[in-house]
Amino acid sequence: MSYLLLKHVHVTCVALSGIGFVLRGFWMLRASPLLGHRLTRVAPHLIDTLLLGSALSMAWMSGQYPFALDWLTAKFFGLLAYIVLGALALKRARSRQARAGCFVLALGAYAYIVSVALARNPWPWA
């Protein structure tokens with residue numbers, strides 16, 4: 001598979017993952033039964049697996065790795081924050097207010113990851 005095709009798959013999955021997270025967060029805040037639908041539970045895992053696989057393949061093909069490049073290291077830690085905050089927002093936080101706060105922070109982590117990727121700089125807003 002070509003690097004350019006992998007990059008297109010990756011960027012598409014980034015967009016689908018973000019849109020899906022916003023939608024699930026909206027449903028969580030509204031206590032919608034759609035949050036429990038089978039497709040809502042399965043699709044994010046499929047998209048995120050493809051997203052991670054394309055990222056790892058691109059890193060291997062390009063020879064660019066986290067902890068060797070500052071911007072990839074920043075993306076790695078941003079991803080960890082996004083995963084933890086997303087889990088708290090959608091499942092783990094006990095109160096609706098805590099879930100909403102974690103949801104907003106997770107969206108900030110997502111925006112940070114995307115901005116770091118576009119700028120290839122760990123300080124994209126500086």
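The values are calculated or read from the model by the stated rules, or taken from the named source; none is laboratory data. Predicted model, so just to flag it, every value in this text is computed and none were measured. Cβ placement follows ideal geometry from the backbone for every residue including glycine, while neighbour counts extend to all protein chains displayed.
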Those residues of the range 57-76 that are in a helix (DSSP H, G or I), of a type in the set (Phe, Trp, Tyr) and within 19 Å of the chain's Cα centre (by Cα) come to a total of 2
If we keep only residues of the range 9-56 that are among the hydroxyl-bearing types (Ser, Thr, Tyr) and under 18 Å from PHE76 (Cβ atoms), then the residue farthest from the chain's Cα centre (by Cα) is SER54
Taking the range 84-126 and the residues there that are touching a residue at least 24 places away in the same chain (Cβ under 8 Å), of a type in the set (Lys, Arg) and assigned to a helix (DSSP H, G or I), the one that is nearest to ALA59 (Cα to Cα) would be ARG99
Of (1) touching a residue at least 40 places away in the same chain (Cβ under 8 Å); (2) surrounded by 14 or more Cβ atoms within 10 Å (Cβ to Cβ), ALA43 fails just (1)
Note on the range 105-125: residues modelled with pLDDT under 95 and more than 10 Å from TRP71 (Cβ to Cβ) are TRP125
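Yes or no, residue by residue, for (1) of a type in the set (Gly, Ala, Ser); (2) in contact with a strand residue (DSSP E or B) (Cβ under 7 Å, 6 or more places away or on another chain); (3) at pLDDT 95 or above:
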position	(1), (2), (3)
SER17	yes, no, yes
PHE21	no, no, yes
LEU46	no, no, yes
LEU52	no, no, yes
PRO66	no, no, no
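To keep it simple, each residue is scored yes or no on (1) touching a residue at least 24 places away in the same chain (Cβ under 8 Å); (2) under 25 Å from GLY101 (Cα atoms).
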| site | (1), (2) |
| --- | --- |
| LEU5 | no, no |
| PRO33 | no, yes |
| ILE47 | yes, yes |
| LEU52 | no, no |
| MET61 | yes, no |
| PRO66 | no, no |
| ALA81 | yes, yes |
